[in-house]
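K.L.:
Okay, here's the structure, questions in a sec.
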Amino acid sequence: MAKNFIRGNLTRGLNAVRTADAAGDELIDLFIWRGEAGGQVEIETEGKEFGVIIMSGLVDVQCGQQSFRELGGRASVFAGPATGVWAPPGVTLRIAASSLCEVALCAAPSRAEGGPQLVTPSQVVHKTVGNWNWTRDVYTIIGDNVAHARRLVIGETINLPGNWSSYPPHKHTVDDYPFEVRMEEVYHYRVNPDQGFGVQCLFNDSMSIREAYIVEDEDTVVIPPAYHPIVAAPGYQVYYLWILAGYTDRRMRPRDDARHAWVHAAGQMARGMGF
């Protein structure tokens with residue numbers, strides 16, 4: 001199995017989907033907690049900042065001495081914007097379930113300071129981006145709206161059946177601000193209906209990286225230093241939780257593949273024509 005692809009195999013309890021190898025210059029940890037009413041999970045954030053994304057269900061979240069009650073409530077990741085909590089390093093993070101729930105815990109090494117921050121669905125930044133069959137809905141949960149975050153940018157994207165996203169192809173593999181900022185990225189996928197699939201493409205300018213994965217419900221891909229467009233199979237919505245961690249800077253400055261950046265102009269033409 002290719003090292004970038006993690007097959008979905010989630011069970012009840014805390015699932016360590018991806019644990020970063022610091023010696024390998026990796027940053028992002030991803031855990032998925034599947035809880036039931038009355039259950040709880042506790043994590044010491046230690047030297048990492050965390051983004052807690054409530055994928056479904058209703059939970060209470062305690063960060064150190066601060067508590068947030070009755071968070072979430074959506075039936076699935078396809079049922080509206082998420083609720084999130086940003087947690088700083090050096091606190092105990094405790095999540096208690098009031099119902100069946102699924103919670104993503106995303107982490108990266110950090111020296112961030114300041115208290116935890118709740119992000120409600122109304123504070124999630126929603127944009128419909130692209131045109132024609134590369135239109136998609138992008139929801140930024142932890143971004144510029146979380147002042148104390150130093151490493152993480154986290155959000156959700158939903159592709160309609162047959163539509164592309166992360167398109168035009170872009171990358172964030174080198175520090176060349178303001179044109180590009182180097183960031184590690186992990187995608188975690190869900191599919192509606194769940195027997196469907198999407199295709200995750202990965203390639204670089206020299207084509208020394210030239211890969212594609214059929215991604216199904218609950219799969220994960222660690223994005224290598226490459227362009228990374230994805231397409232949903234006809235008949236199926238594809239969702240992905242995207243987790244970015246900046247090596248030196250968390251400002252979003254992806255660089256488009258110059259060969260395909262012209263489609264931005266095609267999109268402007270489409271809007272001018274009323275599409």
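K.L.:
Would you call residue 39 under 21 Å from residue 158 (Cα atoms), small (Gly, Ala, Ser) and crowded, with 16+ Cβ neighbours inside 10 Å? Working first, answer last.
P.N.:
On the way: under 21 Å from residue 158 (Cα atoms): no; small (Gly, Ala, Ser): yes; crowded, with 16+ Cβ neighbours inside 10 Å: yes.
When the stated conditions are applied, residue 39 does not pass them.
K.L.:
Right, another one. Would you tally the residues in the range 255-266 being in contact with a helix residue (DSSP H, G or I) (Cβ under 9 Å, 6 or more places away or on another chain) and either closer than 20 Å to residue 171 by Cα or at pLDDT 85 or above (or both)?
P.N.:
Count: 2.
K.L.:
Checking residue 97 against (1) of a type outside the set (Lys, Arg); (2) loosely packed, with under 15 Cβ neighbours inside 10 Å; (3) touching a residue at least 12 places away in the same chain (Cβ under 8 Å), which single condition isn't satisfied?
P.N.:
Single failed check for residue 97: (2).
K.L.:
A follow-up question, please. With the checklist (1) touching a residue at least 40 places away in the same chain (Cβ under 8 Å); (2) closer than 25 Å to residue 29 by Cα in hand, flag the one item residue 134 doesn't pass.
P.N.:
Exception for residue 134: condition (2).
K.L.:
So, in the range 141-192, of the ones that are crowded, with 22+ Cβ neighbours inside 10 Å, in a strand (DSSP E or B) and among the β-branched types (Val, Ile, Thr), which residue ends up nearest to the chain's Cα centre (by Cα)?
P.N.:
Going through the qualifying residues, I end up with 154.
K.L.:
For the subset of the range 42-85 comprising residues that are touching an Asp or Glu at 6+ places or on another chain (Cβ under 8 Å) and among the polar types (S, T, N, Q), which member is surrounded by the fewest Cβ atoms within 10 Å (Cβ to Cβ)?
P.N.:
67
K.L.:
Here's a follow-up. Test each condition in (1) part of a strand (DSSP E or B); (2) of a type outside the set (Val, Ile, Thr); (3) crowded, with 16+ Cβ neighbours inside 10 Å; (4) in contact (Cβ under 8 Å) with a residue 24 or more places away in the chain for residue 89 and report the one that comes out false.
P.N.:
(1)
K.L.:
Here are some conditions: (1) of a type in the set (Phe, Trp, Tyr); (2) within 26 Å of residue 104 (Cβ to Cβ); (3) crowded, with 19+ Cβ neighbours inside 10 Å. Residue 247 meets all but one. Which one does it not meet?
P.N.:
Every condition holds for residue 247 apart from (3).
K.L.:
Can you tell me how many residues within the range 58-79 are under 21 Å from residue 45 (Cα atoms) and touching a Cys at 6+ places or on another chain (Cβ under 8 Å)?
P.N.:
So the answer is 1.
K.L.:
One residue is enough: does the range 124-135 have a residue meeting the conditions of a type outside the set (Phe, Trp, Tyr), surrounded by fewer than 21 Cβ atoms within 10 Å (Cβ to Cβ) and more than 24 Å from residue 187 (Cβ to Cβ)?
P.N.:
Within the range 124-135 (the criterion being of a type outside the set (Phe, Trp, Tyr), surrounded by fewer than 21 Cβ atoms within 10 Å (Cβ to Cβ) and more than 24 Å from residue 187 (Cβ to Cβ)), the answer is no, since none of the residues qualifies.
K.L.:
Condition first: free of Cβ contacts under 8 Å to residues at least 24 places away in the same chain and of a type in the set (D, E, K, R). Can you find one or more residues in the range 104-127 that meet it?
P.N.:
Checked the range 104-127: at least one residue is free of Cβ contacts under 8 Å to residues at least 24 places away in the same chain and of a type in the set (D, E, K, R).
K.L.:
Looking at (1) under 26 Å from residue 44 (Cα atoms); (2) of a type outside the set (Val, Ile, Thr); (3) not in a strand (DSSP E or B), which is the only condition residue 107 fails?
P.N.:
The number of the failed condition is (3).
K.L.:
Give 70, 26, 42 a once-over and let me know the one that is in a strand (DSSP E or B), acidic (Asp, Glu), modelled with pLDDT of 95 or more and under 29 Å from residue 137 (Cα atoms).
P.N.:
None of the others qualify; the one that does is 70.
The values are calculated or read from the model by the stated rules, or taken from the named source; none is laboratory data. This one's a predicted model, so the numbers in the text were calculated from it and none came from an experiment. Here the Cβ is made from the backbone with ideal geometry for all residues, glycine too, and neighbour counts use every protein chain on show.
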